[in-house]
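Each remark here refers to the structure printed beneath this line.
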Amino acid sequence: MALSGVRVLELAGLAPAPLCGMILADFGAQVVRVDRPSQSAAALVHGDVQARGKRSLALDLKQPQGAAVLRRLCGAADVLIEPFRHGVMERLGLGPEVLLQENPRLIYARLTGFGQTGKYAKSAGHDINYVALSGVLSKLGRKNENPFPPINLLADFAGGGVMCALGIVIALFERAKSGKGQVIDASMVEGVSYLSSFLWKSQNLGFWGQPRGENLLDSGAPFYETYRTSDGKYMAVGAIEPKFYNQLIKGLGLNLDELPAQLSFSHWPEMKKKFASIFAQKTQAEWCSIFDSTDACVTPVLSFEDAASHQHNKERSSFIKNDPGEISPRPAPVLSRTPAVPSCKRDPFVGEHTEDILLEYGFTKEEIAKLHSDKTIEIKDLKASL
Ligand SMILES: C[C@H](CCC[C@@H](C)[C@H]1CC[C@H]2[C@@H]3[C@H](O)C[C@@H]4C[C@H](O)CC[C@]4(C)[C@H]3C[C@H](O)[C@]12C)C(=O)SCCNC(=O)CCNC(=O)[C@H](O)C(C)(C)COP(=O)(O)OP(=O)(O)OC[C@H]1O[C@@H](n2cnc3c(N)ncnc32)[C@H](O)[C@@H]1OP(=O)(O)O
(Lines give C-alpha, C1' and ligand atoms only; values in the text may rest on other atoms or scores of the structure.)
Protein backbone atom coordinates (compact mmCIF):
# COMPACT_ATOMS: atom_id res chain seq x y z
CA MET A 1 0.00 0.00 0.00
CA ALA A 2 1.07 3.57 -0.65
CA LEU A 3 1.87 4.44 2.98
CA SER A 4 3.31 1.13 4.13
CA GLY A 5 6.30 1.59 6.41
CA VAL A 6 5.06 4.97 7.69
CA ARG A 7 4.85 4.91 11.49
CA VAL A 8 2.14 7.12 12.95
CA LEU A 9 1.35 7.91 16.58
CA GLU A 10 -2.14 9.31 17.05
CA LEU A 11 -2.93 10.79 20.45
CA ALA A 12 -6.55 9.82 21.13
CA GLY A 13 -9.01 12.62 20.54
CA LEU A 14 -12.58 13.23 19.43
CA ALA A 15 -13.80 13.02 15.84
CA PRO A 16 -11.23 14.70 13.50
CA ALA A 17 -7.90 13.15 14.55
CA PRO A 18 -9.35 9.62 14.52
CA LEU A 19 -10.49 10.11 10.92
CA CYS A 20 -7.05 11.43 9.99
CA GLY A 21 -5.40 8.37 11.55
CA MET A 22 -7.89 6.01 9.94
CA ILE A 23 -7.21 7.40 6.46
CA LEU A 24 -3.47 6.89 6.95
CA ALA A 25 -4.07 3.35 8.28
CA ASP A 26 -6.40 2.48 5.38
CA PHE A 27 -3.63 3.43 2.95
CA GLY A 28 -1.06 1.29 4.75
CA ALA A 29 0.51 3.32 7.57
CA GLN A 30 1.14 1.59 10.92
CA VAL A 31 -1.04 3.69 13.19
CA VAL A 32 -0.80 3.45 16.97
CA ARG A 33 -3.51 5.19 18.95
CA VAL A 34 -2.13 6.43 22.26
CA ASP A 35 -4.99 6.13 24.76
CA ARG A 36 -5.39 7.31 28.32
CA PRO A 37 -5.18 4.40 30.70
CA SER A 38 -8.22 3.76 32.83
CA GLN A 39 -8.96 1.10 35.36
CA SER A 40 -12.70 1.17 34.71
CA ALA A 41 -14.19 -1.64 32.66
CA ALA A 42 -16.50 0.89 30.98
CA ALA A 43 -13.49 2.57 29.43
CA LEU A 44 -12.34 -0.64 27.81
CA VAL A 45 -13.72 0.58 24.52
CA HIS A 46 -12.62 4.07 23.52
CA GLY A 47 -15.38 6.31 22.11
CA ASP A 48 -13.44 6.25 18.81
CA VAL A 49 -15.43 4.53 16.11
CA GLN A 50 -12.84 5.39 13.47
CA ALA A 51 -10.15 3.03 14.67
CA ARG A 52 -10.00 0.72 11.67
CA GLY A 53 -6.55 -0.77 11.22
CA LYS A 54 -5.12 0.89 14.34
CA ARG A 55 -3.54 -0.61 17.44
CA SER A 56 -3.92 0.81 20.94
CA LEU A 57 -1.24 1.68 23.46
CA ALA A 58 -2.50 2.90 26.86
CA LEU A 59 -0.04 5.40 28.28
CA ASP A 60 -0.37 7.96 31.07
CA LEU A 61 1.18 11.13 29.71
CA LYS A 62 0.63 12.98 32.97
CA GLN A 63 3.36 10.92 34.61
CA PRO A 64 6.86 12.17 33.71
CA GLN A 65 7.93 8.64 32.78
CA GLY A 66 4.83 8.39 30.54
CA ALA A 67 5.80 11.57 28.72
CA ALA A 68 9.32 10.13 28.42
CA VAL A 69 7.88 7.01 26.78
CA LEU A 70 6.09 9.15 24.19
CA ARG A 71 9.32 11.06 23.52
CA ARG A 72 11.08 7.80 22.88
CA LEU A 73 8.29 6.57 20.61
CA CYS A 74 8.41 9.85 18.69
CA GLY A 75 12.13 9.34 18.21
CA ALA A 76 11.32 6.34 16.03
CA ALA A 77 8.08 7.54 14.43
CA ASP A 78 7.39 9.42 11.21
CA VAL A 79 4.21 11.22 12.22
CA LEU A 80 2.58 12.41 15.43
CA ILE A 81 -1.08 13.47 15.31
CA GLU A 82 -1.93 15.71 18.27
CA PRO A 83 -5.55 16.78 18.88
CA PHE A 84 -5.37 18.93 22.02
CA ARG A 85 -5.77 22.61 22.65
CA HIS A 86 -2.67 24.70 22.20
CA GLY A 87 -0.54 24.52 25.33
CA VAL A 88 -1.43 20.97 26.45
CA MET A 89 1.58 19.32 24.79
CA GLU A 90 3.89 22.11 25.94
CA ARG A 91 2.72 21.55 29.56
CA LEU A 92 3.57 17.87 29.20
CA GLY A 93 7.06 18.74 27.92
CA LEU A 94 6.08 17.30 24.54
CA GLY A 95 5.98 20.44 22.41
CA PRO A 96 7.35 20.46 18.87
CA GLU A 97 10.66 22.11 19.81
CA VAL A 98 11.43 19.17 22.10
CA LEU A 99 10.25 16.38 19.83
CA LEU A 100 11.67 17.77 16.60
CA GLN A 101 15.02 18.36 18.23
CA GLU A 102 15.10 14.70 19.20
CA ASN A 103 13.83 13.53 15.81
CA PRO A 104 14.26 16.17 13.08
CA ARG A 105 12.43 13.89 10.60
CA LEU A 106 9.24 13.89 12.67
CA ILE A 107 6.08 15.33 11.13
CA TYR A 108 4.21 16.86 14.06
CA ALA A 109 0.58 17.39 13.03
CA ARG A 110 -1.41 19.63 15.37
CA LEU A 111 -5.10 19.25 14.58
CA THR A 112 -7.15 21.85 16.42
CA GLY A 113 -10.23 23.96 15.94
CA PHE A 114 -8.73 27.41 16.13
CA GLY A 115 -5.04 26.79 15.35
CA GLN A 116 -1.94 27.36 17.44
CA THR A 117 -2.15 31.15 17.63
CA GLY A 118 -4.80 33.85 17.80
CA LYS A 119 -7.45 34.98 20.28
CA TYR A 120 -9.26 31.60 20.43
CA ALA A 121 -6.20 29.30 20.33
CA LYS A 122 -6.77 28.17 23.91
CA SER A 123 -10.58 28.07 23.81
CA ALA A 124 -12.74 24.97 23.75
CA GLY A 125 -14.93 24.47 20.70
CA HIS A 126 -16.64 21.97 18.45
CA ASP A 127 -17.41 21.63 14.76
CA ILE A 128 -20.27 24.15 14.76
CA ASN A 129 -18.03 26.84 16.27
CA TYR A 130 -15.30 26.32 13.69
CA VAL A 131 -17.73 26.39 10.75
CA ALA A 132 -19.23 29.55 12.24
CA LEU A 133 -15.88 31.32 12.54
CA SER A 134 -14.93 30.44 8.96
CA GLY A 135 -17.90 32.43 7.64
CA VAL A 136 -19.33 29.33 5.95
CA LEU A 137 -22.10 28.68 8.49
CA SER A 138 -23.67 32.02 7.55
CA LYS A 139 -24.31 30.54 4.08
CA LEU A 140 -25.92 27.28 5.20
CA GLY A 141 -29.61 26.90 5.84
CA ARG A 142 -32.98 27.48 4.29
CA LYS A 143 -34.75 30.74 3.69
CA ASN A 144 -35.91 32.49 6.88
CA GLU A 145 -34.32 29.81 9.07
CA ASN A 146 -31.29 29.96 11.35
CA PRO A 147 -27.94 28.81 9.92
CA PHE A 148 -27.70 25.04 10.12
CA PRO A 149 -24.53 22.90 10.02
CA PRO A 150 -24.43 19.65 8.03
CA ILE A 151 -23.99 17.47 11.14
CA ASN A 152 -20.25 17.66 12.03
CA LEU A 153 -19.05 16.78 8.55
CA LEU A 154 -17.59 20.10 7.49
CA ALA A 155 -15.09 21.12 10.15
CA ASP A 156 -14.38 17.89 12.00
CA PHE A 157 -13.99 15.73 8.97
CA ALA A 158 -13.58 17.67 5.69
CA GLY A 159 -11.75 20.74 7.01
CA GLY A 160 -10.13 18.81 9.90
CA GLY A 161 -9.37 15.10 9.51
CA VAL A 162 -9.06 15.03 5.73
CA MET A 163 -7.18 18.34 5.48
CA CYS A 164 -4.74 17.22 8.16
CA ALA A 165 -4.17 13.91 6.36
CA LEU A 166 -3.44 15.90 3.20
CA GLY A 167 -0.95 18.06 5.12
CA ILE A 168 0.77 14.95 6.46
CA VAL A 169 1.07 13.36 3.02
CA ILE A 170 2.43 16.64 1.59
CA ALA A 171 4.97 16.84 4.43
CA LEU A 172 5.99 13.20 3.88
CA PHE A 173 6.48 13.92 0.18
CA GLU A 174 8.61 16.96 0.96
CA ARG A 175 10.61 15.03 3.57
CA ALA A 176 11.63 12.52 0.91
CA LYS A 177 13.55 15.42 -0.71
CA SER A 178 14.78 17.42 2.28
CA GLY A 179 15.10 14.70 4.90
CA LYS A 180 13.38 17.08 7.32
CA GLY A 181 10.16 16.89 9.29
CA GLN A 182 8.01 19.90 10.18
CA VAL A 183 5.08 21.11 12.24
CA ILE A 184 1.60 21.16 10.71
CA ASP A 185 -0.80 23.72 12.19
CA ALA A 186 -4.13 22.30 10.96
CA SER A 187 -6.87 24.65 12.11
CA MET A 188 -10.38 23.46 11.32
CA VAL A 189 -11.56 27.06 10.90
CA GLU A 190 -8.97 27.51 8.18
CA GLY A 191 -9.60 24.04 6.75
CA VAL A 192 -13.27 24.90 6.26
CA SER A 193 -12.39 28.35 4.89
CA TYR A 194 -10.01 26.80 2.39
CA LEU A 195 -12.68 24.31 1.31
CA SER A 196 -14.97 27.27 0.72
CA SER A 197 -12.55 29.00 -1.68
CA PHE A 198 -15.11 28.62 -4.48
CA LEU A 199 -17.68 30.55 -2.45
CA TRP A 200 -15.22 33.35 -1.73
CA LYS A 201 -13.95 33.55 -5.26
CA SER A 202 -17.38 33.38 -6.90
CA GLN A 203 -18.85 36.26 -4.94
CA ASN A 204 -18.67 38.62 -7.90
CA LEU A 205 -20.33 36.22 -10.31
CA GLY A 206 -23.79 37.06 -9.06
CA PHE A 207 -24.88 33.72 -7.66
CA TRP A 208 -24.78 34.79 -4.06
CA GLY A 209 -26.63 38.09 -4.32
CA GLN A 210 -29.76 36.92 -2.47
CA PRO A 211 -30.21 36.21 1.25
CA ARG A 212 -29.42 32.73 2.61
CA GLY A 213 -31.61 30.01 1.10
CA GLU A 214 -32.58 32.04 -1.98
CA ASN A 215 -29.55 31.44 -4.20
CA LEU A 216 -28.63 28.97 -6.91
CA LEU A 217 -26.98 26.25 -4.79
CA ASP A 218 -28.37 26.88 -1.30
CA SER A 219 -31.93 25.59 -1.86
CA GLY A 220 -33.15 28.77 -3.52
CA ALA A 221 -33.45 27.33 -7.03
CA PRO A 222 -36.23 24.86 -7.93
CA PHE A 223 -33.78 22.84 -10.03
CA TYR A 224 -31.29 22.40 -7.14
CA GLU A 225 -33.51 21.01 -4.38
CA THR A 226 -34.90 17.91 -2.75
CA TYR A 227 -38.52 16.89 -3.20
CA ARG A 228 -40.70 14.53 -1.19
CA THR A 229 -42.22 11.57 -3.01
CA SER A 230 -45.59 9.88 -2.44
CA ASP A 231 -43.99 7.17 -0.25
CA GLY A 232 -42.36 9.70 2.12
CA LYS A 233 -38.92 9.43 0.54
CA TYR A 234 -37.06 12.13 -1.37
CA MET A 235 -35.48 12.86 -4.73
CA ALA A 236 -32.47 15.14 -5.20
CA VAL A 237 -32.52 17.43 -8.21
CA GLY A 238 -29.36 19.10 -9.51
CA ALA A 239 -30.33 20.10 -13.07
CA ILE A 240 -28.26 23.26 -13.42
CA GLU A 241 -27.20 23.42 -17.05
CA PRO A 242 -30.02 24.15 -19.56
CA LYS A 243 -29.55 20.83 -21.43
CA PHE A 244 -30.02 18.92 -18.16
CA TYR A 245 -32.83 21.22 -16.99
CA ASN A 246 -34.70 20.43 -20.21
CA GLN A 247 -34.56 16.74 -19.37
CA LEU A 248 -35.85 17.41 -15.86
CA ILE A 249 -38.80 19.31 -17.27
CA LYS A 250 -39.51 16.49 -19.74
CA GLY A 251 -39.31 13.83 -17.00
CA LEU A 252 -41.75 15.81 -14.87
CA GLY A 253 -44.19 15.82 -17.80
CA LEU A 254 -44.02 19.62 -18.22
CA ASN A 255 -43.63 21.71 -21.36
CA LEU A 256 -40.64 24.07 -21.37
CA ASP A 257 -42.45 26.58 -23.59
CA GLU A 258 -45.17 27.04 -21.00
CA LEU A 259 -42.76 27.76 -18.12
CA PRO A 260 -40.88 30.88 -17.05
CA ALA A 261 -37.17 31.03 -17.92
CA GLN A 262 -35.00 28.74 -15.80
CA LEU A 263 -33.08 31.66 -14.26
CA SER A 264 -36.05 33.90 -13.56
CA PHE A 265 -35.40 34.31 -9.81
CA SER A 266 -38.77 35.87 -9.15
CA HIS A 267 -40.50 32.70 -10.39
CA TRP A 268 -38.41 30.29 -8.33
CA PRO A 269 -40.76 30.05 -5.32
CA GLU A 270 -43.73 29.34 -7.59
CA MET A 271 -41.74 26.77 -9.62
CA LYS A 272 -40.65 25.00 -6.46
CA LYS A 273 -44.27 24.57 -5.46
CA LYS A 274 -45.07 23.19 -8.89
CA PHE A 275 -42.19 20.71 -8.84
CA ALA A 276 -43.08 19.69 -5.28
CA SER A 277 -46.66 18.91 -6.20
CA ILE A 278 -45.53 16.79 -9.16
CA PHE A 279 -42.87 14.84 -7.22
CA ALA A 280 -45.49 14.11 -4.54
CA GLN A 281 -47.54 12.13 -7.06
CA LYS A 282 -45.17 9.17 -7.51
CA THR A 283 -43.01 6.95 -5.32
CA GLN A 284 -39.25 7.26 -5.21
CA ALA A 285 -38.91 4.03 -7.20
CA GLU A 286 -41.26 5.35 -9.86
CA TRP A 287 -39.24 8.56 -10.19
CA CYS A 288 -36.04 6.53 -10.41
CA SER A 289 -37.46 4.53 -13.27
CA ILE A 290 -38.27 7.78 -15.07
CA PHE A 291 -34.94 9.53 -14.44
CA ASP A 292 -32.32 6.78 -14.03
CA SER A 293 -31.36 6.52 -17.66
CA THR A 294 -31.43 10.27 -18.37
CA ASP A 295 -29.08 13.20 -17.84
CA ALA A 296 -31.65 15.12 -15.81
CA CYS A 297 -29.36 14.96 -12.75
CA VAL A 298 -32.11 13.50 -10.59
CA THR A 299 -31.22 10.81 -8.05
CA PRO A 300 -32.91 9.20 -5.07
CA VAL A 301 -32.03 10.47 -1.57
CA LEU A 302 -30.95 7.18 -0.02
CA SER A 303 -30.84 6.06 3.59
CA PHE A 304 -27.53 4.49 4.69
CA GLU A 305 -29.10 1.06 4.32
CA ASP A 306 -30.35 1.82 0.81
CA ALA A 307 -27.03 3.42 -0.16
CA ALA A 308 -25.12 0.26 0.74
CA SER A 309 -27.47 -1.89 -1.30
CA HIS A 310 -27.98 0.45 -4.26
CA GLN A 311 -27.05 -1.17 -7.58
CA HIS A 312 -24.51 1.51 -8.55
CA ASN A 313 -22.70 1.37 -5.21
CA LYS A 314 -22.78 -2.43 -5.22
CA GLU A 315 -21.28 -2.54 -8.71
CA ARG A 316 -18.37 -0.45 -7.44
CA SER A 317 -18.12 -2.23 -4.05
CA SER A 318 -18.35 1.21 -2.44
CA PHE A 319 -19.24 -0.22 0.96
CA ILE A 320 -17.44 -2.96 2.88
CA LYS A 321 -18.29 -5.29 5.74
CA ASN A 322 -15.79 -6.05 8.50
CA ASP A 323 -15.44 -9.28 10.49
CA PRO A 324 -18.01 -8.24 13.15
CA GLY A 325 -20.44 -7.53 10.28
CA GLU A 326 -20.40 -3.71 10.41
CA ILE A 327 -20.89 -1.98 7.07
CA SER A 328 -18.95 1.21 6.32
CA PRO A 329 -17.67 3.12 3.29
CA ARG A 330 -14.66 1.74 1.43
CA PRO A 331 -11.67 4.10 1.55
CA ALA A 332 -11.62 6.66 -1.24
CA PRO A 333 -10.18 7.52 -3.68
CA VAL A 334 -9.32 4.27 -5.44
CA LEU A 335 -5.67 4.08 -6.49
CA SER A 336 -5.09 1.76 -9.47
CA ARG A 337 -1.79 0.16 -8.41
CA THR A 338 -1.71 0.70 -4.66
CA PRO A 339 -5.30 0.90 -3.44
CA ALA A 340 -6.16 1.09 0.24
CA VAL A 341 -6.69 -2.28 1.87
CA PRO A 342 -8.86 -1.55 4.90
CA SER A 343 -8.56 -3.90 7.84
CA CYS A 344 -11.55 -6.17 8.45
CA LYS A 345 -10.70 -6.72 12.12
CA ARG A 346 -12.76 -5.30 14.97
CA ASP A 347 -11.57 -2.01 16.49
CA PRO A 348 -8.87 -2.29 19.16
CA PHE A 349 -9.62 -2.24 22.86
CA VAL A 350 -7.82 0.40 24.90
CA GLY A 351 -4.37 -0.94 25.78
CA GLU A 352 -4.79 -4.11 23.75
CA HIS A 353 -1.41 -3.78 22.01
CA THR A 354 0.61 -1.87 24.60
CA GLU A 355 3.24 -4.55 25.09
CA ASP A 356 3.66 -5.49 21.42
CA ILE A 357 4.03 -1.85 20.40
CA LEU A 358 6.61 -1.04 23.08
CA LEU A 359 8.63 -4.12 22.14
CA GLU A 360 8.46 -3.12 18.51
CA TYR A 361 9.72 0.38 19.37
CA GLY A 362 12.73 -1.09 21.21
CA PHE A 363 11.61 -1.23 24.86
CA THR A 364 12.87 -4.23 26.82
CA LYS A 365 10.60 -6.63 28.72
CA GLU A 366 12.09 -5.30 31.98
CA GLU A 367 11.33 -1.69 31.06
CA ILE A 368 7.78 -2.65 30.15
CA ALA A 369 7.28 -4.52 33.43
CA LYS A 370 8.49 -1.47 35.39
CA LEU A 371 6.20 0.91 33.48
CA HIS A 372 3.34 -1.49 34.13
CA SER A 373 4.00 -1.77 37.86
CA ASP A 374 4.24 2.05 38.06
CA LYS A 375 0.84 2.24 36.31
CA THR A 376 2.36 4.38 33.55
CA ILE A 377 1.07 1.99 30.94
CA GLU A 378 -1.91 -0.30 30.88
CA ILE A 379 -1.72 -3.76 29.38
CA LYS A 380 -5.24 -4.93 28.75
CA ASP A 381 -5.83 -8.54 29.56
CA LEU A 382 -8.84 -9.12 27.37
CA LYS A 383 -9.81 -12.45 28.89
CA ALA A 384 -9.90 -10.92 32.37
CA SER A 385 -11.87 -7.89 31.21
CA LEU A 386 -14.57 -9.54 29.12
C1 LIG B 1 -18.98 17.65 17.44
C2 LIG B 1 -17.71 16.85 17.64
C3 LIG B 1 -17.68 16.09 18.89
C4 LIG B 1 -18.55 14.87 18.82
C5 LIG B 1 -17.99 13.82 19.72
C6 LIG B 1 -19.01 12.74 20.10
C7 LIG B 1 -19.26 11.88 18.91
C8 LIG B 1 -18.46 12.00 21.31
C9 LIG B 1 -18.30 13.00 22.52
C10 LIG B 1 -18.56 12.16 23.76
C11 LIG B 1 -18.59 10.71 23.27
C12 LIG B 1 -19.28 9.68 24.15
C13 LIG B 1 -18.61 9.64 25.53
O14 LIG B 1 -17.19 9.47 25.42
C15 LIG B 1 -19.24 8.52 26.40
C16 LIG B 1 -19.27 7.16 25.71
C17 LIG B 1 -17.90 6.50 25.69
C18 LIG B 1 -17.98 5.10 25.10
O19 LIG B 1 -16.69 4.52 25.11
C20 LIG B 1 -18.53 5.21 23.66
C21 LIG B 1 -19.89 5.85 23.64
C22 LIG B 1 -19.93 7.23 24.32
C23 LIG B 1 -21.42 7.58 24.50
C24 LIG B 1 -19.22 8.29 23.45
C25 LIG B 1 -19.84 8.40 22.04
C26 LIG B 1 -19.20 9.50 21.18
O27 LIG B 1 -17.86 9.21 20.91
C28 LIG B 1 -19.28 10.86 21.91
C29 LIG B 1 -20.77 11.25 22.00
C30 LIG B 1 -16.49 17.75 17.56
O31 LIG B 1 -16.56 18.86 17.18
S32 LIG B 1 -14.98 17.04 17.88
C33 LIG B 1 -13.79 18.33 17.66
C34 LIG B 1 -13.43 18.93 18.94
N35 LIG B 1 -12.35 19.87 18.84
C36 LIG B 1 -11.08 19.50 18.67
O37 LIG B 1 -10.74 18.34 18.57
C38 LIG B 1 -10.10 20.65 18.58
C39 LIG B 1 -8.86 20.47 19.42
N40 LIG B 1 -9.16 20.04 20.73
C41 LIG B 1 -9.72 20.83 21.67
O42 LIG B 1 -10.01 22.00 21.47
C43 LIG B 1 -9.97 20.17 23.01
O44 LIG B 1 -9.26 18.96 23.05
C45 LIG B 1 -11.46 19.92 23.28
C46 LIG B 1 -12.09 19.06 22.19
C47 LIG B 1 -12.22 21.23 23.39
C48 LIG B 1 -11.60 19.14 24.59
O49 LIG B 1 -11.06 19.92 25.65
P50 LIG B 1 -10.49 19.23 26.95
O51 LIG B 1 -10.42 20.27 27.99
O52 LIG B 1 -11.29 18.03 27.28
O53 LIG B 1 -9.07 18.69 26.49
P54 LIG B 1 -7.72 19.48 26.15
O55 LIG B 1 -7.72 20.87 26.64
O56 LIG B 1 -7.39 19.30 24.72
O57 LIG B 1 -6.64 18.69 27.02
C58 LIG B 1 -6.53 17.30 27.00
C59 LIG B 1 -6.22 16.85 28.42
O60 LIG B 1 -6.15 15.45 28.45
C61 LIG B 1 -4.87 15.05 28.94
N62 LIG B 1 -4.48 13.81 28.27
C63 LIG B 1 -4.61 13.52 26.98
N64 LIG B 1 -4.13 12.30 26.71
C65 LIG B 1 -3.68 11.81 27.88
C66 LIG B 1 -3.03 10.59 28.26
N67 LIG B 1 -2.77 9.62 27.39
N68 LIG B 1 -2.70 10.45 29.56
C69 LIG B 1 -2.97 11.42 30.47
N70 LIG B 1 -3.57 12.59 30.16
C71 LIG B 1 -3.90 12.78 28.89
C72 LIG B 1 -3.97 16.20 28.59
O73 LIG B 1 -2.81 16.17 29.35
C74 LIG B 1 -4.87 17.38 28.92
O75 LIG B 1 -4.91 17.55 30.31
P76 LIG B 1 -4.84 19.03 30.96
O77 LIG B 1 -6.07 19.76 30.51
O78 LIG B 1 -4.82 18.77 32.45
O79 LIG B 1 -3.59 19.67 30.45
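Below is a table of values for the structure above.
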| quantity | calculated |
| --- | --- |
| Relative contact order (%) - criterion: Cα under 8 Å, at least six apart; region: the range 105-262 | 25 |
| Accessible area of the range 327-386 belonging to carbon and sulfur atoms, whole % at 1.4 Å probe | 58 |
| Net charge over other residues, Cβ less than 12 angstrom from the Cβ of F279 (K, R count +1; D, E count -1) | +3 |
| Using a Förster distance of 25 Å, the FRET efficiency for L205-R142 (Cβ separation, nearest 0.05) | 0.65 |
| Full-extension gain in nm, D306 to L254, via 0.36 nm per residue minus C-alpha separation | 15.8 nm |
| Pair-distance profile P(r), taking every C-alpha pair of the chain, with 10 angstrom steps and integer % | 5, 19, 25, 23, 15, 9, 4, 1, 0 |
| For the chain: relative contact order, % (alpha-carbon pairs under 8 angstrom, 6 or more apart) | 20 |
| Order by protection proxy (mean Cβ within 10 Å, highest first), peptides 293-301, 217-225, 119-127, 181-189 | 181-189, 217-225, 293-301, 119-127 |
| Solvent exposure, largest accessible area first (probe 1.4 Å, DNA, RNA and ligands not counted), of F148, F319, F198, F27 | F148, F198, F319, F27 |
| Highest to lowest packing among 350-358, 15-23, scored as the average C-beta count within 10 Å | 15-23, 350-358 |
| FRET efficiency, V334 to D374 (Cβ-Cβ, R0 35 Å, nearest 0.05) | 0.15 |
| Packing-based ranking, highest mean first, of 98-104, 252-258, 328-334 given that Cβ atoms within 10 Å are counted | 98-104, 328-334, 252-258 |
| Given K180/K380; K321/K380; K243/K321; K233/K321; K62/K370, the pairs whose alpha carbons are separated by over 28 Å | K180/K380; K243/K321 |
| N313-M1 FRET efficiency (beta carbon distance; Förster radius 22 Å; 0.05 resolution) | 0.45 |
| For the range 264-320: accessible area per residue (Å², 1.4 Å) | 64 |
| Between the range 172-206 and the range 242-313, the alpha-carbon center distance in angstrom | 36 |
| Helix-only [θ]222 nm of the chain, DSSP H runs n ≥ 4, -39500 (n - 2.57) each, per residue, nearest 500 | -9000 deg cm²/dmol |
| Percent antiparallel among DSSP beta bridges (both partners in the chain, rounded to 5) | 40 |
| q = 0.12 Å⁻¹: log10 I(q)/I(0) that the Debye formula gives for the range 316-366, counting C-alpha atoms only | -0.46 |
| Electrostatic dipole magnitude of the range 234-386 [Cβ: Lys, Arg +1; Asp, Glu -1; Cα centre; debye, to 20] | 420 |
| Carbon and sulfur %, accessible surface of the range 143-298 computed with the full protein complex present, 1.4 Å | 57 |
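The values are calculated or read from the model by the stated rules, or taken from the named source; none is laboratory data. These numbers were taken from a predicted model, which means no experiment stands behind them. Cβ atoms come from the backbone with ideal geometry, glycine included; neighbour counts cover every protein chain shown. Areas reflect the complete protein model, heavy atoms only, side chains present, ligands, DNA and RNA absent. Shrake-Rupley method; radii C 1.70, N 1.55, O 1.52, S 1.80 Å.
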